[in-house]
């Protein structure tokens, strides 16, 4: 029995991977994101200069073989700062989504499984928070908590909770009406075991898609807050902070703004393509 289940899971994975591979734009997004991920993993080996290594004699130097993206106002190599900053930006996106999925997903699963007053209490709270745009709510939380890496991740994660709660709640409500849930309950399984072992595994498809797109949104939100001075502060080489610190030179040194913006755009673009591809690959209706 266990061997048959493993074979079915393997077959299911191969089927999803095959459908994903048929979508060329999704594969392009995966390749772009893989390159960005490798850049973040091997950033210390790729970056020629340190994150805050200054050379005032070469301040605002144009693009060259020595400095492929040029230097900023205090002579720091922009290419090295973007490469090292990729770790910060991707880390912020992953941790923010993890917070949102853990908090929002847990509360959404509880609301969807128990229903009634518990559902009303949890979802009415999220309705109130959802009435405020995610970016505005994140800015308010970050302004209250203070600037910094941890507070930025926490603010973006908390602000994103309502979307994950709604998505998980809808998936749980659909799954709990299935016969395998009744069979598990008849066998004496506890509510926690039913949710974790039987319901949530059958809700993974929409969760995976939401997470892939949510990382893109979290990176963009964190970069936006850093740009307006509420998020990660200099000298940290976060892409939004790099944009903010270079906006005064947008006309005489546009490369200082172009390259951080380009990497933000490539990251968001690739994750959205991956999310679209996963949505189609995991949707049974998309089978050919």
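Would you mind calculating the gained length between residue 52 and residue 205 on full extension (0.36 nm times residue separation, minus the Cα-Cα distance), in nm to one decimal?
Residue separation times 0.36 nm, minus the Cα-Cα distance, leaves 50.9 nm.
As I understand it, the value is the acute angle between the Cα axis of helix 24-41 and the longest principal axis of the Cα atoms of the chain; what does it come to in degrees, rounded to 10?
Value to nearest ten degrees: 60.
Roughly what would the spin-label model give for residue 233 and residue 98, points 7 Å off Cα along C-beta, in nm?
2.5 nm
Treating the angle as unsigned and between 0 and 90°, give the value, to the nearest 10°, between the Cα long axis of helix 78-114 and the longest Cα principal axis of the chain.
Its long axis makes an angle of about 20 degrees.
Please find, in a Gaussian network model of the chain (springs between Cα atoms separated by less than 10 Å), the residue of 36, 56, 273 whose mean-square fluctuation is greatest.
56
I need 52, 119, 72 ordered by Cβ neighbour count within 10 Å, fewest first.
In increasing order of surrounding Cβ atoms, one gets 52, 119, 72.
How high is the FRET efficiency from residue 251 to residue 187, r the C-beta distance, R0 51 Å, rounded to 0.05?
0.15
With no solvent and one equal point scatterer placed on each C-alpha of the stretch 106-191, evaluate the Debye formula and give log10 I(q)/I(0) for q = 0.22 Å⁻¹, two decimals.
-0.98
What's the center-to-center distance, using Cα atoms, between the stretch 175-240 and the stretch 61-132 in Å?
12 Å
Looking at the stretch 128-273 from every direction and averaging, what is the projected area of its Cα convex hull in nm²?
Spelled out: convex hull of the Cα atoms, projected over all directions, averaged, 11.0 nm².
At a threshold of 8 angstrom on Cα-Cα distance, excluding pairs fewer than six apart, so keeping six or more, what relative contact order does the chain reach in percent?
25 percent
Relative to the longest principal axis of the chain, what angle (0 to 90°, nearest 10) does the C-alpha long axis of helix 149-175 take?
30 degrees
If you average 1/r across every pair of different Cα atoms in the chain and take the reciprocal, what Kirkwood value do you get, in Å?
Over the chain, the inverse of the mean reciprocal pair distance is 21.0 Å.
I want to verify a result. In a Gaussian network model of the chain, Cα cutoff 10 Å, which of these has the top mean-square fluctuation: 220, 60, 78?
60
If the elastic network links every pair of Cα atoms under 10 Å, which of 264, 136, 95 fluctuates the most in the Gaussian network model of the chain?
Sorting by GNM fluctuation, first place goes to 136.
Using 0.36 nm per residue, how much length does the chain from residue 42 to residue 74 gain when fully extended, once their Cα-Cα distance is taken away?
9.0 nm
Give me the number: length gained by fully extending residue 178 to residue 145, i.e. 0.36 nm times residue separation minus the C-alpha to C-alpha distance, one decimal in nm.
Here the answer is 7.6 nm.
No value in this document is a laboratory result; all are computed from the given coordinates. Because the structure is predicted, anything quoted here is derived from the model rather than measured. Counting neighbours? That spans all protein chains shown, and the Cβs are built from the backbone with ideal geometry, glycine included.
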